[in-house]
Amino acid sequence: MKLTIRGSVTAAFMACMATAAAASPAAAGTSAPVDLPLEHLERVLPVHAPGLRTGVPVPVAGVPDGPRYVTGRLLPAKTLPAVPFTAELPETEVELPVKDPLGEGNLGALRAASGASDLMLRAPGATAGAPLSAPREDLSGLPEPVLPQLGLVSPMLQGTPAGALLMG
């Protein structure tokens, strides 16, 4: 293979890898912004429409903690591994204009805001036991029937959201 052909193949491969990396969810961020248009409420209700700006978390899957083989068991521990996810709870802002009850203008706006925070999620997992024991010497190397065991790994959601309510 000529050097020029090898170089162009390498360049095409690197371009494809860069495109795939740019299109991945991890490169795009872990939240998608959402702006809700609530201006049309003013036509229906006799109040000023609130402003709402938030986002939707986009979970990115991590590496699952795979099955582990344990001596004396026929099936591995963590038969169905729990998959970890990471995401970002985006910043949320709600702003509502407040009128003066005496009719002398506006008092400002009531604003509720929460900052962005990281989220850690873990999907549920399971561990299953076989209905047979390991081969036993006293039974000439034959397994003994036992009750199968089933264990569940509970799901987890961990984050530190915080918020503030402001007037003015």
**Report entry** Local electrostatic count at Leu107 - Lys and Arg +1, Asp and Glu -1, tallied over other residues with Cβ under 10 Å
**Finding:** -1
Query raised in the report: Once both labels are modelled 7 Å past Cα along the beta-carbon direction, what's the Asp100-Ser140 spacing in nm?
Result: 10.1 nm
Query - FRET efficiency for Tyr69 and Met120, using Cβ-Cβ distance with R0 set to 25 Å, rounded to 0.05 - result: 0.35
Query raised in the report: So between Thr79 and Leu150, what do we pick up on full extension, going 0.36 nm a residue minus the alpha carbon distance?
Result: 24.6 nm
Query raised in the report: Between Asp35 and Leu107, what length in nm is gained on full extension when 0.36 nm per residue of separation is reduced by their alpha carbon distance?
Result: 23.4 nm
Query raised in the report: Of all trypsin sites (Lys or Arg not before Pro) in region 67-168, which ones are in loop regions per DSSP and have a Cβ with at most 13 other Cβ atoms within 10 Å?
Result: Arg136
Query raised in the report: Dividing the alpha-carbon Rg of region 30-167 by 2.2 N^0.38 Å yields what?
Result: 1.91
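Bear in mind that the values in this text are calculations on the coordinates, not laboratory data. Computed from a prediction, not measured in an experiment: that's the story for all the values here. Reconstructed Cβ throughout: ideal geometry from the backbone, glycine too, with neighbour counts over all protein chains shown.
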